[in-house]
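A short reminder: the numbers here are calculations on the coordinates, not readings from a lab. Please read these numbers as outputs of a predicted model, since none were measured by experiment. Cβ atoms come from the backbone with ideal geometry, glycine included; neighbour counts cover every protein chain shown.
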Amino acid sequence: EYLKKNKLFITSSHLKQIPGIGDYISCSLSAILKNENCAVVDGNIKRIIKRVFNLNESSKFFKKQVFYIAKELTPDLKNGIYCQSLMDFANLVCKVKKPYCEKCIVKNLCKFDGKQQKLNKKPIINKLGIGFFIRENKNFLVGISKKKLFQGLYSIPFSDFINNKENTEKELIDRIILDWMSLHNISQKYQILGYVNHIFSHFHLKLFVVDIKLKSKINLVNYKWMTHRAYNSKPKSSLMMKVKKLMICI
């Protein structure tokens, strides 16, 4: 959808404007295809930097330290060859388990002692949310998400994702639904279609999908009516792919 309406420029800043593309993909594509000197950091490159510079992965500054070092080491020329070489080196020599340190070409510079760091496991954060499948005949409401997690991707309306500490699950579900419907002046009956589980990097989400069948269309700010067929061609998150399976059941 984005490519149909816009010219594609292979630079990290332009690629990041495409829905669903973040720092890593935009930088790696522009570096490999155009040799842009942006810092490419994937899991492999992060592992090399962590070991060579003896960084503490449990530190709250770890990600910033890795990106700073990666940026400082990124060459002005032939960055595509450089970053791909690091990825290959990580897979062949600086492996996750049993790295070949004795064969490593930077072993005299590397501060890695051969021991794997034991990370302090953070407790899993479980959140709950509601997706609102608001439909009229063969159309349903869809908008381009402004949430940081799904920015630029097409989605049905979502509630905030809440960390439930005080209420039972049913109480929280009912409260979220009624508060959201009241805020948007919707008074129709609703039906819970089911839920999907989705794992994000920093929390686990249980998202319930609510079916609200309207007799006539309403206007909802930042949302528009769309058919299933039209929605299929839009960029969407993996979470919405799961949600859509519940929506198709209707």
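Considering only residues that are of a type in the set (A, V, I, L, M) and over 18 Å from SER58 (Cβ atoms), which ones fall in segment 85-134?
To start, the set of residues in segment 85-134 that are of a type in the set (A, V, I, L, M) comprises 86-87, 90, 92-93, 96, 105-106, 109, 119, 124-125, 128, 130, 134.
Passing the criteria: LEU86, MET87, ALA90, LEU92, VAL93, ILE105, VAL106, LEU109, LEU128, ILE130, ILE134.
Taking segment 9-26 as the range and being aromatic (Phe, Trp, Tyr) and more than 17 Å from MET87 (Cβ to Cβ) as the test, only PHE9 passes. Given the criteria closer than 30 Å to TYR154 by Cβ, surrounded by 15 or more Cβ atoms within 10 Å (Cβ to Cβ) and free of Cβ contacts under 8 Å to residues at least 24 places away in the same chain, does SER26 qualify? When the stated conditions are applied, SER26 passes them.
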